[in-house]
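Trainee: Just passing along the structure, written as structure tokens.
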Amino acid sequence: MNRIRRAIESIELPSDLHNRSKLGVQQAKLRKRRSKKIIIVPVIASLFLVFSVGVAAATSTSMNELVAKVSPEIALLLQPVELSSTDEGINMEVVAAMNDDDTAVVYVTMQDLKGERIDETLDIYDYFISGGHSFTSEVVAFDEITKTATVRFLASGGEKISNKKLKFQIRSFLSDKQVFEQTKVNIDLKSVEDKKPIDLHRDFISGMGGKVYSNVKDRESIKILPDDHLNIKIPAIDFMEVTNVGFIKNKLHIQTKWLHNDKDNHGSFYFMNTAGDKIYPSSISFGRDKSGKLEYGNNFQEYVFDVDTINLESYELSGDFTTSGNFVSGNWQTIFKLSDVNESKIVDFLYNFGNWQSQEVTISPLGLTIIGLGEVKNSTEITATISMKNGSTQKLTHLISITDKGQIKLKLLPNEPLDVEEVKSISINGIDLDI
């Protein structure tokens with residue numbers, strides 16, 4: 001029996017709580033087998049138990065429901081929180097949480113008490129965790145009967161929020177998401193002409209990506225198309241229109257205007273051949289006010305293709321586009337204390353990745369953290385595989401990049417939590433490390 005289990009079993013609990021916890025696990029297992037309407041996605045949980053918000057919380061309905069959606073043995077090892085906030089007919093509950101030295105995980109449920117604004121496409125749009133940064137969120141389960149979504153939040157900065165009171169707040173969310181894939185774009189590329197560009201100052205740029213813009217971050221301005229108000233419509237897409245198409249220095253530019261962009265309408269064009277191969281563009285986001293004057297924003301986006309490398313006769317211009325039917329704003333917030341997990345191991349890992357050099361790897365129940373110095377680019381690719389003493393393996397694919405006090409921290413997350421004591425070895429980009 002490993003050290004984590006010994007530590008857990010040494011905790012003295014009231015006999016009633018112990019028996020009810022066992023009953024909760026058994027009931028959760030039965031519910032998990034019978035239920036056919038709960039969508040299950042692998043989640044990250046904890047291998048450590050902390051009782052801090054009242055021991056009775058471990059047997060409440062919320063914790064038992066969370067147990068039903070993840071591995072029962074693992075879910076009961078999370079730190080119970082179970083604090084609720086209701087606004088606009090929506091109930092939010094922070095069910096459980098934990099963190100290690102650099103990453104915090106918070107499990108939250110959202111339930112619509114009055115309608116059907118919560119569904120499996122729920123996308124938390126504006127939220128906040130005090131002390132954390134580099135947030136991500138993901139729906140890990142949805143109960144069709146109760147209209148309840150379970151959401152996992154990740155935040156870097158765990159060591160700064162351990163054993164402190166945290167404020168967790170959601171201010172808006174999206175739902176009723178509709179996705180339009182492989183939508184044909186009827187633009188006659190043979191008739192597209194060279195266009196006289198205009199300058200877009202970098203202060204007006206809200207985002208950009210791709211090879212075309214990979215080396216332009218220090219420029220004062222970028223060349224883009226003017227708004228020629230072409231207003232080209234794409235069938236079934238009523239939330240976006242093409243405002244201009246043209247060539248600038250032998251590169252094809254497609255400029256779009258996104259309507260109702262408070263609903264996070266988004267998408268991308270691409271060239272696709274009969275074999276299904278796709279060529280994606282670079283892109284740049286900016287804004288225009290009602291008079292057409294350039295400003296900081298994201299209601300306009302320009303896509304840029306390097307057509308010198310494309311045989312246009314073999315490809316067709318298409319796109320994938322996404323919109324949401326519901327945008328709900330409100331104020332859902334709770335304050336709770338998060339205790340950290342000290343179960344971790346540190347292994348020396350000296351390796352030169354080119355732009356940065358690694359120093360060591362920390363292994364915790366939440367995954368691997370590679371620590372180093374230098375500059376990590378968006379294109380950095382890291383793969384890791386963990387081998388356990390029982391012969392099983394886990395591949396880590398989810399990557400979070402953190403910069404903290406001049407240090408680089410790359411967090412790789414597994415699909416299942418790690419029992420640190422049972423880790424035999426790890427492999428990072430083909431480099432084997434014994435534990």
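Trainee: Looking at (1) farther than 22 Å from Asp227 by Cβ; (2) surrounded by fewer than 20 Cβ atoms within 10 Å (Cβ to Cβ); (3) in contact with a strand residue (DSSP E or B) (Cβ under 6 Å, 6 or more places away or on another chain), can you tell me which one Ala275 breaks?
Mentor: Among (1) farther than 22 Å from Asp227 by Cβ; (2) surrounded by fewer than 20 Cβ atoms within 10 Å (Cβ to Cβ); (3) in contact with a strand residue (DSSP E or B) (Cβ under 6 Å, 6 or more places away or on another chain), the lone unmet condition for Ala275 is (3).
Trainee: Being under 24 Å from Pro414 (Cβ atoms) and of a type in the set (Lys, Arg) is the requirement here; does Arg117 meet it?
Mentor: Criteria not met by Arg117.
Trainee: How about the stretch 254-280: which of its residues are under 19 Å from Phe173 (Cα atoms) and among the polar types (S, T, N, Q)?
Mentor: Of everything in the stretch 254-280, those that are under 19 Å from Phe173 (Cα atoms) and among the polar types (S, T, N, Q) turn out to be Asn261, Asn265.
Trainee: Could I ask something else about it? Name the pairs whose Cβ atoms lie under 7 Å apart, with the first residue in the stretch 216-239 and in the same structural domain as Tyr296 (by TED's automatic domain parsing) and basic (Lys, Arg), the second modelled with pLDDT of 90 or more and assigned to a strand (DSSP E or B), and 6 or more positions between them or separate chains?
Mentor: Pairs that qualify, where the first residue is in the same structural domain as Tyr296 (by TED's automatic domain parsing) and basic (Lys, Arg) and the partner is modelled with pLDDT of 90 or more and assigned to a strand (DSSP E or B), are Lys223/Asp199; Lys223/Ile248; Lys233/Glu241.
Trainee: Which condition does Val361 not pass, out of (1) over 22 Å from the mean Cα position of the chain (by Cα); (2) touching a residue at least 40 places away in the same chain (Cβ under 8 Å); (3) exposed (fewer than 13 other Cβ atoms within 10 Å of the Cβ), if it passes all the others?
Mentor: (3) is the only condition that Val361 fails.
Trainee: Just give me the residues in the stretch 227-247 being assigned to a loop (DSSP other than H, G, I, E, B) and farther than 27 Å from Asp176 by Cα, in sequence order.
Mentor: If the condition is that a residue be assigned to a loop (DSSP other than H, G, I, E, B) and farther than 27 Å from Asp176 by Cα, then Asp227, Asp228, His229, Leu230 are the ones that fit.
Trainee: Could you look through the stretch 183-222, keep only residues that are at pLDDT below 90 and among the acidic types (Asp, Glu), and pick out the one that is nearest to His253 (Cα to Cα)?
Mentor: Among those that are at pLDDT below 90 and among the acidic types (Asp, Glu), it is Asp188.
Trainee: May I pose another question? What is the one condition in (1) in the same structural domain as Asn186 (by TED's automatic domain parsing); (2) of a type outside the set (Lys, Arg); (3) in contact (Cβ under 8 Å) with a residue 40 or more places away in the chain that Gln333 does not satisfy?
Mentor: Condition not satisfied by Gln333: (1).
Trainee: Would you say Lys196 is of a type in the set (D, E, K, R), touching a helix residue (DSSP H, G or I) at 6+ places or on another chain (Cβ under 9 Å) and either free of Cβ contacts under 8 Å to residues at least 60 places away in the same chain or surrounded by fewer than 17 Cβ atoms within 10 Å (Cβ to Cβ) (or both)?
Mentor: Considered against the rule, which asks whether it is of a type in the set (D, E, K, R), touching a helix residue (DSSP H, G or I) at 6+ places or on another chain (Cβ under 9 Å) and either free of Cβ contacts under 8 Å to residues at least 60 places away in the same chain or surrounded by fewer than 17 Cβ atoms within 10 Å (Cβ to Cβ) (or both), Lys196 comes out as no.
Trainee: Looking at Ser314 and the list (1) in contact (Cβ under 8 Å) with a residue 24 or more places away in the chain; (2) touching a strand residue (DSSP E or B) at 6+ places or on another chain (Cβ under 8 Å), which single condition is not satisfied?
Mentor: (2)
Trainee: Please give the strands (runs of 3 or more DSSP E) falling wholly within the stretch 85-184 in which 1 or more residues are basic (Lys, Arg) and not assigned by TED's automatic domain parsing to the domain that holds Ile371.
Mentor: Output list reads 148-156, 164-184.
The values are calculated or read from the model by the stated rules, or taken from the named source; none is laboratory data. This is a predicted model, so every value here is computed, not measured. In this analysis, Cβ positions are derived from the backbone assuming ideal geometry, glycine residues included, and neighbour counts consider all displayed protein chains.
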